[in-house]
Each structure stands twice: as C-alpha cells, then as structure tokens.
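Trainee: Mind looking over this structure? Questions follow.
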Amino acid sequence: MKVILLAGGFGTRLSEYTKIIPKPMVNIAGKPMLLHIMKLYAKYGFKDFYIALGYKGEIIKKFFNKKFFDWNINFVETGKNTMTGGRLKRLKKYIGKETFMMTYGDGLSNINLKKLLKFHKKNKKLVTLTAVRPPARFGAIKLKGQYVNYFKEKSRLDEGWINGGFFVMEPEFLKLIKNDNTYLEKEPLEKVTKKRQLAAFRHEGFWQCMDTKRDKDKLNKILNSKKIKF
C-alpha cells in the first residue's frame, strides 16, 4: 500500500529552523521528524513511500537518497506554493486505483496503523481520518456573569477532537480536489463530510504536532525519555 507524505510546506511558525531546512527535516531526538513518521509506517509493514516535495525539497532528497532499510522511497516535485490538497492531487498518477495512506510531515503518533486500515475497510467510506485529543495548552474556565463557575487546569477533555492526520483514502476522493490552490482541509474534506463519506478513527494514545518551537521541545523530551513506544 502506498503511503503519501506531504512534506512541501514553508513551516513559517518554525522559522528559526525552516529558514535553512524544510519543516519535516527538523531534528527530533537526533533524527528528522519525517524519518520518525516513516519508521512508524514501516513498523506496520507499510514501506512504499511517496514524498510530496516543495519548499527546500532538495534537502529531503539528499537525506533520503541513502539506502533506508528495505523501503521504497519516491520523490515527487509538487510545487513550492502548492496547497495541501493540490499536492495530493499531483500524485494522482502514482496513486492509481488503489486505497492509499496519507499524512503530514509534522505530526507524530503511536497509532496502530493496521487497526486504522481495518477500520477504514470495515466502514467503506471515501476517507478515514485519525481523530486525536489536542495536547492541553490552557486551563478551561466557564463564566457566569462576573464569576467563574467552572475551572479545570489543562484538561484535555475540554478540547474535543481534532484532525490528527494519518488518513486512509480511496482514489475517487481526488476528484473533489480542484487544483493547486485547494486546501485539503477545506472544500474536499468538507464535501466528503456532507456526503457522509468521512469516517473518524479515534486515537486516545500519544499524538503531538510540531507547529512551534514549544512543540518541538516537547517532542524532543518525549522521544529522548523513551516513555512512548513507536
């Protein structure tokens, strides 16, 4: 099964690193974020990778041109200014007519990918996304007039669920992506939601994105501690 990795964005919120390297190549515990993500897929037997390149793609190419285990790694230039949906659309000819997996180059999890795939096949929807709890950042309060009548310090349960990436998709979904300017998270996913063709696999385990330096430092700490098993 093909695994699509979106690795072409500018990563502007991590500009202290991404002025020099693309975001997925930012080091976490001594290895690029992208390598950690690929190792997760390989652990479950998914080793046929298609990396959608854009900003500073040559750095990703140079790193992964080395031999990595028994992985099949393909590089696809998808344009510097192309949006997430557009990048995926540009891989249409490589995807063909088979179910495929896709994720972003800046989110890591200990999700069981075999269970995710089984869930997707069982539900027979065009798209399955992984729903995760966002890491708690702020304490939650509720107000009644000038008084606080609910206070909970940094509770994840108040945050609801968010899109954590780690998608399984059917190739027909690509028809809903208009062009290079299409954000995957806007029209395409909104359309499949209205058609009741978007399923959510709930993952209660570890998940962490790398949007900011704070996120990067947190990931470094977690991976160096070896408390989370991948």
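The values are calculated or read from the model by the stated rules, or taken from the named source; none is laboratory data. All figures in this text were calculated on a predicted structure; none of them were measured in a lab. Here the Cβ is made from the backbone with ideal geometry for all residues, glycine too, and neighbour counts use every protein chain on show.
Trainee: Pick from G54, G11, G30: which is over 26 Å from E98 (Cα atoms), in contact with a helix residue (DSSP H, G or I) (Cβ under 9 Å, 6 or more places away or on another chain) and surrounded by 14 or more Cβ atoms within 10 Å (Cβ to Cβ)?
Mentor: G11
Trainee: Also: Which one of these is in contact with a strand residue (DSSP E or B) (Cβ under 6 Å, 6 or more places away or on another chain), modelled with pLDDT of 95 or more, within 15 Å of V168 (Cα to Cα) and of a type outside the set (S, T, N, Q): L113, L129, L88, L53?
Mentor: L129
Trainee: Hey, does segment 151-159 have a residue that's closer than 30 Å to L5 by Cα and either modelled with pLDDT of 75 or more or among the polar types (S, T, N, Q) (or both)?
Mentor: Checking segment 151-159: not a single residue is closer than 30 Å to L5 by Cα and either modelled with pLDDT of 75 or more or among the polar types (S, T, N, Q) (or both).
Trainee: Right, next: Considering segment 201-230 alone, what residues qualify as being buried (at least 18 other Cβ atoms within 10 Å of the Cβ) and closer than 30 Å to L174 by Cα?
Mentor: Once the filter is applied, which keeps residues that are buried (at least 18 other Cβ atoms within 10 Å of the Cβ) and closer than 30 Å to L174 by Cα, segment 201-230 yields F201, H203, W207, Q208, C209, M210.
Trainee: Another question, if that's okay. Kindly provide the set of residues from segment 30-66 that are among the basic types (K, R), closer than 26 Å to D180 by Cβ and touching a residue at least 24 places away in the same chain (Cβ under 8 Å), ordered by number. If you could, list the steps in order and put the result at the bottom.
Mentor: Within segment 30-66, the subset among the basic types (K, R) is 31, 39, 43, 47, 56, 61-62, 66.
Subsequent filtering for residues that are closer than 26 Å to D180 by Cβ retains 56, 61-62.
Result: K56, single match.
Trainee: Here is a further query. Can you name the number of the only condition in (1) in contact with a strand residue (DSSP E or B) (Cβ under 9 Å, 6 or more places away or on another chain); (2) charged (D, E, K, R); (3) more than 13 Å from F10 (Cβ to Cβ) that K62 fails?
Mentor: Against the list (1) in contact with a strand residue (DSSP E or B) (Cβ under 9 Å, 6 or more places away or on another chain); (2) charged (D, E, K, R); (3) more than 13 Å from F10 (Cβ to Cβ), K62 comes up short only on (1).
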